[in-house]
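The values are calculated or read from the model by the stated rules, or taken from the named source; none is laboratory data. All figures in this text were calculated on a predicted structure; none of them were measured in a lab. Using ideal geometry, Cβ is built from the backbone for each residue, glycine included, and neighbour counts are taken over all protein chains shown.
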Amino acid sequence: MSIREIIIEFMEEKNYKPMLKEELAVHFDIGKGELKEFYKILDSLEKEGIIIRNNKDKYGLIKSDYLVVGVLQGHERGYGFVIPHDKTKDDIFIPAENMNSAMHGDTVVANILKRQEADRRMEGEIVRILDRANTTVIGTFEDNGHFGFLIPDDHRLAYDIFIPKAHTGGAKDKQKVIVEITKWPEFRRNPEGKVVDILGYLTDKGIDILSIIKQFKLPEEFPTKVQEMARNISETLTDKDLEGRTDLRELTTFTIDGADAKDYDDAVSIEKLPNGNYKLGVHIADVAHYVKPNSVLDKEAYLRGNSVYLIDRVIPMLPRELSNGICSLMPNVDRLTLSVFMEIDKRGVVVDHQILESVINSKKRCIYDDVSDFLENDDERAKEKLKEILPDLKLLEELMHILYEKRERRGSIDFDFPETYIELDDNGKPIDVRKAERRIANRMIEEFMLVCNETVAEEFYWAEVPFLYRIHEEPSPEKIAEFNKFIHNFGYVIKGQEIHPKDLQMLTKEIKGKREETVISTLMLRSLRKAVYSATSDIHFGLAAKYYCHFTSPIRRYPDLVIHRIIKDYLKGKLTADKIARLEKKLPEIADHTSMTERRAEEAEREVDDLKMAQYMAERIGEQYDGIVSSVTNFGLFVQLENTIEGLVHFNTMDDDFYRFDEEYHYIIGERTNRIYRLGDSVRIEVIGADIDKRNIDFKLINE
């Protein structure tokens, strides 16, 4: 038993009374040379919210029904919500007067003051801050002559930060700067800080996106040791590299990616067997061959968790020497891979499969649009480009439809949301915003990666070895009941007490092409839980899959890299009892960390998109567009345009009547005219404002 477990067990004893750290050290007979490490363990247990230190500096377990440990989600108006670490507990509302100097992102202990009632959520106060999330803050510097203030970019940090004149660091008014907090907020007193870095003016090229990178603390440059290690990896394969591998260099393999992609981590191959079945090969870059556990490359990849894509730049998980070089499945060069061959019958069932270490030589680098032009339109230019593999592409198209129909039969939900494509000029200015097409080639590769991920996950589930799964738990009954109530307004209903993916899939078909499709699909998605990584197998509700993992992108996702290592050890019989024990201990931590880095990346990507959309609409004040009502609130309604941009029509701009929000029926209604605006209604708007700092866009309705 570890010292951590011994401490917890001791504190769980019925007669335990809170003790000082010095008293605990005496009790456990901790020697002088071990004191520092012992106190670090106590600090760690406190930060994790397992133990708490009272106002007399005495330690005890957090086990009260009234104390909840979680992360504070702040709001620009000063209040917040504690999101408990224990996912079985509900969020706790924290009024502004009960924040007690806590800031957005802090790990805190909340004391519950009011229990949840039918019409109101739990309410509490912050009683302890376990871990400060914002030691540095990025924002806009405002010079007041004798002192300065930082206006944080993240508006969930509800405080402006006071900066004494001596600590402004030469920053000028309206510059983007990074401030280190030197004093935390107190009652009626803002936090204090000092300028530690000046990024430049927001109008300078690239500073806007750089500010978001800094805001989310995304790692930019690779440390010198990581770069050196990457540069020292050979760009050509040796005989030793090929030992024990299946040679697939004569097999027709090829990649299909976007036109601007540089990291090709998956290739495919296809064959029609004499029995009429398909033999699909999915060949994934063998990143694990180059990135060894606990190396500086591995530690940096774990820290990053995933690559982040921010319109005009990528923050890669691995140095470009690997991601765009030796690990990228470029055409006409030998590359190491992990290959999964699947024999798939005409019903889409994988009747046999094989996973092996291999070497391939991709015969072609194909682009999504070319493949789609050929398959959708029989385009002559595309046919000429792809002439060597036209029969293969036709076979892949056949198989794609079979796999899709199989997924559809079992109830997999296909959210066909339009993605946004934002085009920037050379100075980073948005010049076009439009829907990104999801064409047949994109869907084809999606299907093959899905079936590959399922096949791998199922094999390793039954092999009973430690593994990383991608899970998507069933939605909560409360959320579905709320969603059911909402769709009832449109004449739809989900029957039965227990929800099945098939029920939601049937609803998506029913609303297809109707004006309420986007609105209902969006609310359906919000009613579902978020997919996460887990060391324990569970269903993937959205895919209606019993087993699922992420295997196909080890260049840009750390969980895939971990899975590759497990597979390679398993294939070679190297999963010893010691390795299994280490994996069982480590995998839950990896799952939690990479789920966090994924959320961070998604938030940063969304923030950049919102920024560029605000910049785009700021140039179009006074222009009119058609849109649909995408959300209604007690202060106005949101309208989404055809190009996916969304803006707010505030009640104070609707001067033809006094409007009120009907929460039960999800519409707003004019008190005099009885004019109703519902979700999904078509409206015409004029752009009247765009706040680039807050990423807000304002519309007003044009009544025709």
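Some points to look at:
- Total residues in the stretch 279-328 satisfying the condition of being over 22 Å from the mean Cα position of the chain (by Cα), within 21 Å of residue 258 (Cβ to Cβ) and in a loop (DSSP other than H, G, I, E, B): the figure is 2.
- Residue match in the stretch 473-491 (condition: more than 30 Å from residue 547 (Cβ to Cβ), in contact with a His (Cβ under 8 Å, 6 or more places away or on another chain) and surrounded by fewer than 18 Cβ atoms within 10 Å (Cβ to Cβ)): yes
- Only one of the numbered conditions (1) surrounded by fewer than 20 Cβ atoms within 10 Å (Cβ to Cβ); (2) more than 15 Å from the chain's Cα centre (by Cα) is not met by residue 532, and that is (2).
- Verdict on residue 204 being of a type in the set (Asp, Glu), assigned to a loop (DSSP other than H, G, I, E, B) and either surrounded by 14 or more Cβ atoms within 10 Å (Cβ to Cβ) or in contact with a Phe, Trp or Tyr (Cβ under 9 Å, 6 or more places away or on another chain) (or both): yes
- Residue match in the stretch 392-403 (condition: in contact with a strand residue (DSSP E or B) (Cβ under 9 Å, 6 or more places away or on another chain), among the charged types (D, E, K, R) and not assigned by TED's automatic domain parsing to the domain that holds residue 504): yes
- Of all residue pairs spaced 6 or more apart or on separate chains, those with beta-carbon atoms under 8 Å, a first member in the stretch 1-12 that is in the same structural domain as residue 30 (by TED's automatic domain parsing) and a second member that is loosely packed, with under 10 Cβ neighbours inside 10 Å and at pLDDT below 85 are 9/1.
- Qualifying residue in the stretch 88-99 (condition: assigned to a loop (DSSP other than H, G, I, E, B) and either aromatic (Phe, Trp, Tyr) or touching a His at 6+ places or on another chain (Cβ under 7 Å) (or both)): no
- Just one of the listed residues (423, 357) is in a strand (DSSP E or B) and either within 27 Å of the chain's Cα centre (by Cα) or over 29 Å from residue 563 (Cα atoms) (or both), and it is 423.
- Subset of the stretch 437-463 [touching a helix residue (DSSP H, G or I) at 6+ places or on another chain (Cβ under 8 Å) and small (Gly, Ala, Ser)]: 441, 463
- Subset tally (residues that are part of a helix (DSSP H, G or I) and touching a Lys or Arg at 6+ places or on another chain (Cβ under 6 Å)) for the stretch 14-26: 0
- Residues within the stretch 141-200 that are small (Gly, Ala, Ser) and surrounded by 15 or more Cβ atoms within 10 Å (Cβ to Cβ), tallied: 6
- Among the conditions (1) assigned to a strand (DSSP E or B); (2) in contact with a Cys (Cβ under 8 Å, 6 or more places away or on another chain); (3) of a type in the set (Asp, Glu), residue 263 misses just one, which is (1).
- If you filter the stretch 657-690 down to residues that are among the charged types (D, E, K, R) and part of a strand (DSSP E or B), you find that the one that is farthest from the chain's Cα centre (by Cα) is 660.
- Here residue 693 passes the criteria (1) within 32 Å of the chain's Cα centre (by Cα); (2) surrounded by 18 or more Cβ atoms within 10 Å (Cβ to Cβ) except the one numbered (2).
- For the stretch 429-471, filtering for residues that are surrounded by 18 or more Cβ atoms within 10 Å (Cβ to Cβ) and not in a helix (DSSP H, G or I) leaves 8.
- Check on residue 151, within 31 Å of the chain's Cα centre (by Cα) and in a strand (DSSP E or B): yes
- A Cβ distance below 8 Å, combined with a sequence gap of six or more or placement on separate chains, defines the contacts here; from the stretch 497-509, residues that are without any contact (Cβ under 8 Å) to a residue 60 or more places away in the chain reach residues that are hydrophobic (A, V, I, L, M, F, W, C) and in a helix (DSSP H, G or I) in the pairs 499/480; 507/487; 507/520; 507/524.
- Verdict on residue 434 being in contact with a helix residue (DSSP H, G or I) (Cβ under 9 Å, 6 or more places away or on another chain), in contact (Cβ under 8 Å) with a residue 24 or more places away in the chain and under 30 Å from residue 393 (Cα atoms): no
- Selected residue (criterion: modelled with the lowest pLDDT) from residues of the stretch 51-66 that are out of contact with any Gly (no Cβ under 9 Å at 6 or more places or on another chain) and over 13 Å from residue 16 (Cβ atoms): 64
- Hey, residue 533 under 26 Å from residue 479 (Cα atoms), modelled with pLDDT of 95 or more, of a type in the set (Ser, Thr, Tyr) and touching a His at 6+ places or on another chain (Cβ under 6 Å) or not: no
Here's the yes/no breakdown for (1) of a type outside the set (S, T, N, Q); (2) touching a strand residue (DSSP E or B) at 6+ places or on another chain (Cβ under 8 Å); (3) over 30 Å from residue 203 (Cα atoms); (4) assigned to a loop (DSSP other than H, G, I, E, B):
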position	(1), (2), (3), (4)
561	yes, no, yes, no
584	yes, no, yes, no
606	yes, no, no, no
621	yes, yes, no, yes
638	yes, yes, no, no
643	no, yes, no, yes
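- Any hit, the stretch 27-37, residues being among the hydrophobic types (A, V, I, L, M, F, W, C), within 31 Å of the chain's Cα centre (by Cα) and either modelled with pLDDT of 85 or more or not in a loop (DSSP other than H, G, I, E, B) (or both): no
- Any hit, the stretch 214-221, residues being assigned to a strand (DSSP E or B), within 22 Å of residue 138 (Cα to Cα) and free of Cβ contacts under 8 Å to residues at least 60 places away in the same chain: no
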